[in-house]
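Reviewing the structure listed below.
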Amino acid sequence: MIEIVDPVKTERLALRPFTEADAEDMLAFESLPEVARYLFNEPRTPEDNAKELATRQGQTALRKEGDTLMLAVELDGTVIGYTLLVWLSEEHKQGEFGYVLHPAHHGKGYATEASVEMLRIGFEQLGLHRIIGRCDPRNTGSAAVMERIGLRKEAHFVESEIFKGEWGGELHYAMLATEWQNSRWSS
Ligand SMILES: CC(C)(COP(=O)(O)OP(=O)(O)OC[C@H]1O[C@@H](n2cnc3c(N)ncnc32)[C@H](O)[C@@H]1OP(=O)(O)O)[C@@H](O)C(=O)NCCC(=O)NCCS
């Protein structure tokens, strides 16, 4: 069981639960078409954003499989994105992580820095055996985050689903606990 109450500090960021006060910062990136392009959601309206924020405020712990831990990525007091960890299977010790940043903060390594902490929580606190990441093959920035961290590309599914009205595929990346221990990120 993992519950995040206090901010998890990285070199430049604080990862912490969302609060009601984050609505404006969150909408600033959630409303952008380029942010939603390869996500399952559409750009959010203020109403959608408020509903999603309420959901995220409850996603502060991994108590059982199926739970999502959703943390705001805060830089100098502003929420510039989020990162998440889903507990996919308790029996098989599997998880999945994800990340989204405001485009104004791309290109500085923040998604990589935040994601590494989610992997640390998954491997070192929850005891996961394998953590995956998935992205659209056209989402080169997302694939680059996973490769930079050192995940292995395990699969490239071609036209495996209808995504936003057209055929879309999926890249699957993964890291094992042993690979984490041998990585430069491990504690
Ligand atoms: C996916 C996403 C988070 C990637 O953002 P990003 O800025 O490329 O990723 P990072 O924050 O890790 O930054 C990496 C870049 O910063 C550079 N960088 C600068 N300082 C760095 C540092 N200290 N550490 C690591 N990288 C650094 C890297 O060289 C890299 O630049 P490059 O793209 O020119 O090679 C972003 O494109 C996004 O939010 N997209 C919309 C949402 C989305 O699709 N999410 C993923 C769903 S699967």
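What follows draws every value from the coordinates through simple rules; no lab data is involved. Every value quoted in this text rests on a predicted model; they were computed, and no experiment measured them. Heads up, the Cβs are rebuilt from the backbone with ideal geometry, glycines too, and the neighbour counts pull from every protein chain shown.
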Exercise. Taking R0 as 25 Å, what's the FRET efficiency between residue 76 and residue 182 from their Cβ-Cβ distance, rounded to 0.05?
Worked result: 0.15
For this session: Rank by packing, highest mean first: peptides 160-172, 118-130, with packing defined as the count of other Cβ atoms within 10 Å averaged across residues.
Result: 118-130, 160-172
Exercise. When only C-alpha pairs under 8 Å and at least 6 residues apart count, what is the relative contact order of the stretch 41-107, in percent?
Worked result: 21 percent
For this session: Go ahead and run the numbers for FRET between residue 40 and residue 11, Cβ-Cβ distance against an R0 of 30 Å, rounding to 0.05.
Result: 0.45
Seminar exercise, completed: Of all lysine pairs in the chain that are eight or more residues apart or on different chains, those with Cα atoms under 22 Å apart total 4
Seminar exercise, completed: Between residue 92 and residue 63, the two model label points (7 Å from Cα along the beta-carbon direction) sit apart by a distance in nm of 2.5 nm
Exercise. At a Förster distance of 41 Å, what's the computed FRET efficiency of residue 147 paired with residue 21, Cβ-Cβ distance as r, to 0.05?
Worked result: 0.70
Exercise. What number, rounded to the nearest 500 deg cm²/dmol, is the helix-based mean residue ellipticity at 222 nm of the chain, given -39500 (n - 2.57) per DSSP H run of at least four residues and division by all its residues?
Worked result: -7500 deg cm²/dmol
Problem set entry | Difference of contour (0.36 nm per residue) and Cα-Cα distance, residue 162 to residue 139 | 6.7 nm
